[in-house]
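Step one of this worksheet: look at the structure below.
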């Protein structure tokens, strides 16, 4: 399994981990159980009792600890056994692995790798708009039966909008405009600017929400990638000629599509996504409409990605050919490959 | 996977490949997509875009070509990319494999092996009655979760009719009459003649359709096999003593059961079958009754064959014992083995 | 697959093998078919025709023999072919394996190993109460997707009652009392005595059935294990202080939980269980209530065991840690390991 283990991954929306309940979720090949301790802080443990291997998620919460549902061993948020019903002495080996977690940018993050390397400062700042005052965000999580890199590939080449999302984001204009790709050793950016055209249905509707009338638009797409698989799409439209493609977006509508792509294992993915906007922020009905639209759009992606995954599994050793629009993907995959190789080197020298 | 690749296989009834639609079907271990080009001719391509591996069957037909549903590459019936939306230059590598197809004897045939060896003359003539003026044919395709040779084994030993089809084709008379087996290096024939008996239910009904009365019958079964798995059953009954077993079948009813047995892979099969008759040809109601009867009979075979397949998978290395009635099967399997070995030899010397 | 093959295993309740019917069941990795011969005796054959591998269980009973449903070969209860429809001479190889069976203690037993070693005297006497005049027994069979030793582990450490069966057999009292473990080279016994307490719900109800009033109880649990996986729980309660914990149980209610744990294969198990009692024996309504309660209790165990099996399959090489209450299990597993090693030694020297 070729996964980057030493990285922060979004593992849940905070509301998914409810007081008194247990949430089982596989992250990066590790089976975890999430719960809230007495202080309401999220804790993440290996989802397996060290005694007779029952998943701890089949137990119950007692005072901020997990009671195993088989023989009653009780573990705190650090993974330490604090009660062993049939014997007074708790064996030192009675522990389960604890995983570092952090609440940041409106999401819960977990570090599945070596906990000594877990630096909170490494959580990507590009997701700040998920809980920023100037932005209103709505989102969800989609389980995709496909390798996580198929999702980042998808987002790094928005050409697919024309064919996969023809009734919402796509139009002939997308494929008619070139992309500009730039990168350094920690990020990739793919940009496409589309001046003066009749906007695609989704953006046409957004612009109408703000302006109350239909106009031709200038459209921008800026895809920012940070490995292993954090992607923000800085996207939007403004009335044609209002200056948006030269820096002044004030007359238009800006969206920010946040994508935290977390491997469940190497064949399936928890795809956390949100759409943030800085217009009509208090309009809850608009938030519902956007949530529904974006969920439908990502279901179209899921359908394509799962078909590709199945095809790759059927014929694992086939080569593919690339086009000019794949440049962002290819660089992104090179960065991820570098991280995986560094982990192997670190392990080998440890 | 031990399959004969250099052979013509029935892949569809013509009506299954509709204008403007895509049909995905695995044939002989290859995942194919079938469609009709502008001229209405059937084309068969590998069901995988060479760019990012989406099955082409998830795309759409545009003017006799397939537009990939992911990034919009468009392929013609030869498998050549004729449009690459984001770049003017179409890379030479942008092709998918094309498979030879032919319409013959009322079926669509495909050649999954080396296209240079695809000789239309090799399509077996024994299926001519499927679209012959003097015969009326009705049939369907049944997907069987079993190796294709289990189906040819089944048809080459009709002893099973007594036990598997006891309410239609079977009776004690079948097992009471010996078989006569003959063969050359390209075919096997198994014949059984059953004079003067009360016919089995299916044939009793057929004879009544023609004569309007119930009589004792002479019955013939002539099974013709051509590898890899083409089988015609020349079968029928005539009033006892009317000379049918000595060449004059005119007083009776003749059926011709056509079986084109196409491996999907080595564990499952597309079983194409038809029943042709030369009596009461214009009677559409009779055709419907026959179609229903034969479908029911083949469902009984499917049930037995799938149980045998499951048992063989559970215990792959078990030996079986054979009886005198297996002689046709054993010769047929020897012919198929010869073809497979020839393919290996050809590859090794290529 | 690490299973003890040379042992008697319960394979069915007698009522499950009905005259004229065929019962297919996998036992200890062997696919068997059970039926009754003309004399009504149970016979067990390999569930596979030696000719073309159809499971014999898809055939039909004819006069105490099985007629294969494919080509009509007929086998008697010894596995010998007694009719071969298409030829007079029956080939000597036309036999299927026959397995020794015995009716004993109200169950049908089968010996999946070397038939020359099948000694009826080896059937454990501890199950005698399943059809003893002084006891009334009710029970069933539960299919569990878990290794058989997970079930014996479960029964050898009743600590789990407090957590898995908290609404029936469990209470805080169980985990507050120590166990006493003894063993020889053919058996293990785990005993727990719990004086003077408010009985757990199941036992409270049983005691009320006999006494007509609620009282505090002395409770005993004596678990007897005989490898590979035969377990009897000698359990009950009596009014506190009535002497039950010192030998005189006459004032209380005695239950005898009989557990015959038969591997289907190494990942799944036929779990035969019964509950025998020596009080209110003729009360059929009480039998129904007990059957329903015990079935519900074992469904709770099944749920835990299947979760453990899935976890072990996910991570096959993980170590576990043991507690003092696991002593019985650990000895039991050592005895089973010894039997498996003996079988390997016997085979190697044979």
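The values are calculated or read from the model by the stated rules, or taken from the named source; none is laboratory data. All values derive from a computational prediction rather than experimental measurement. When we count neighbours, we look across all protein chains shown, and the Cβ atoms used for this are built from the backbone with ideal geometry, even at glycine.
Tabulated results
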read-out: Subset tally (residues that are surrounded by fewer than 24 Cβ atoms within 10 Å (Cβ to Cβ) and more than 8 Å from chain C (Cβ to nearest Cβ)) for segment A:60-76; value: 8
read-out: Output for segment C:171-180, where each listed residue is surrounded by 21 or more Cβ atoms within 10 Å (Cβ to Cβ) and over 18 Å from residue C:326 (Cα atoms); value: C:171
read-out: Selected residue (criterion: farthest from the other protein chains (Cβ to nearest Cβ)) from residues of segment A:77-95 that are under 16 Å from residue A:42 (Cα atoms) and crowded, with 19+ Cβ neighbours inside 10 Å; value: A:77
read-out: Leading residue by the ranking (surrounded by the most Cβ atoms within 10 Å (Cβ to Cβ)) among those in segment C:104-114 that are out of contact with any strand residue (DSSP E or B) (no Cβ under 7 Å at 6 or more places or on another chain) and at negative phi; value: C:113
read-out: Residues that are over 18 Å from the mean Cα position of the chain (by Cα), touching a residue at least 60 places away in the same chain (Cβ under 8 Å) and more than 13 Å from residue C:258 (Cα to Cα), drawn from segment C:93-135; value: C:99, C:114, C:117, C:118, C:134
read-out: Any helices (runs of 4 or more DSSP H) falling wholly within segment A:136-184 and containing at least 2 residues that are in contact with a strand residue (DSSP E or B) (Cβ under 8 Å, 6 or more places away or on another chain), touching a residue at least 60 places away in the same chain (Cβ under 8 Å) and within 21 Å of residue A:333 (Cβ to Cβ); value: A:148-156
read-out: Count - residues of segment B:1-15 that are touching a residue at least 40 places away in the same chain (Cβ under 8 Å) and out of contact with any helix residue (DSSP H, G or I) (no Cβ under 7 Å at 6 or more places or on another chain); value: 9
read-out: Condition met for residue C:298 (more than 10 Å from chain A (Cβ to nearest Cβ), in contact with a helix residue (DSSP H, G or I) (Cβ under 7 Å, 6 or more places away or on another chain), in contact (Cβ under 8 Å) with a residue 40 or more places away in the chain and under 24 Å from residue C:105 (Cβ atoms)); value: no
read-out: Boolean, residue B:193 is more than 29 Å from residue B:284 (Cβ to Cβ), surrounded by fewer than 20 Cβ atoms within 10 Å (Cβ to Cβ) and touching a helix residue (DSSP H, G or I) at 6+ places or on another chain (Cβ under 6 Å); value: yes
read-out: Some residue of segment A:330-338 being closer than 30 Å to residue B:57 by Cα, surrounded by 18 or more Cβ atoms within 10 Å (Cβ to Cβ) and either under 23 Å from the mean Cα position of the chain (by Cα) or away from chain B (no Cβ under 14 Å) (or both); value: yes
read-out: Leading residue by the ranking (surrounded by the fewest Cβ atoms within 10 Å (Cβ to Cβ)) among those in segment A:216-239 that are touching a helix residue (DSSP H, G or I) at 6+ places or on another chain (Cβ under 6 Å) and assigned to a loop (DSSP other than H, G, I, E, B); value: A:227
read-out: The lone exception for residue B:121 - which of (1) surrounded by fewer than 22 Cβ atoms within 10 Å (Cβ to Cβ); (2) more than 14 Å from every other protein chain (Cβ to nearest Cβ); (3) in a loop (DSSP other than H, G, I, E, B) it fails; value: (3)
read-out: Members of segment A:272-316 that are surrounded by fewer than 17 Cβ atoms within 10 Å (Cβ to Cβ) and within 30 Å of residue B:46 (Cα to Cα); value: A:296, A:299, A:303, A:306, A:310, A:313, A:314, A:315, A:316
read-out: Check on residue B:255, in contact (Cβ under 8 Å) with a residue 40 or more places away in the chain, within 14 Å of another protein chain (Cβ to nearest Cβ) and within 20 Å of the chain's Cα centre (by Cα); value: no
read-out: Unique residue being touching a helix residue (DSSP H, G or I) at 6+ places or on another chain (Cβ under 9 Å), more than 14 Å from chain A (Cβ to nearest Cβ) and at pLDDT 95 or above when the list is C:161, C:198; value: C:198
read-out: Number of the condition not met by residue A:187 [criteria: (1) more than 13 Å from chain B (Cβ to nearest Cβ); (2) more than 30 Å from residue A:4 (Cβ to Cβ)]; value: (2)
read-out: Where residue C:98 falls short, out of the listed (1) within 14 Å of chain B (Cβ to nearest Cβ); (2) in contact with a strand residue (DSSP E or B) (Cβ under 8 Å, 6 or more places away or on another chain); (3) under 25 Å from residue C:12 (Cα atoms); value: (1)
read-out: Segment A:124-134: number of residues that are crowded, with 19+ Cβ neighbours inside 10 Å and either assigned to a loop (DSSP other than H, G, I, E, B) or within 14 Å of chain B (Cβ to nearest Cβ) (or both); value: 1
read-out: Qualifying residue in segment B:313-321 (condition: in a helix (DSSP H, G or I), within 14 Å of chain C (Cβ to nearest Cβ), without any contact (Cβ under 8 Å) to a residue 24 or more places away in the chain and farther than 21 Å from residue C:87 by Cα); value: yes
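Okay, residues lined up against (1) farther than 24 Å from residue B:7 by Cβ; (2) touching a helix residue (DSSP H, G or I) at 6+ places or on another chain (Cβ under 8 Å); (3) within 13 Å of another protein chain (Cβ to nearest Cβ):
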position: B:17; (1), (2), (3): no, no, no
position: B:24; (1), (2), (3): no, yes, yes
position: B:28; (1), (2), (3): no, no, no
position: B:35; (1), (2), (3): no, no, no
position: B:39; (1), (2), (3): yes, no, no
position: B:43; (1), (2), (3): no, no, no
position: B:54; (1), (2), (3): yes, yes, yes
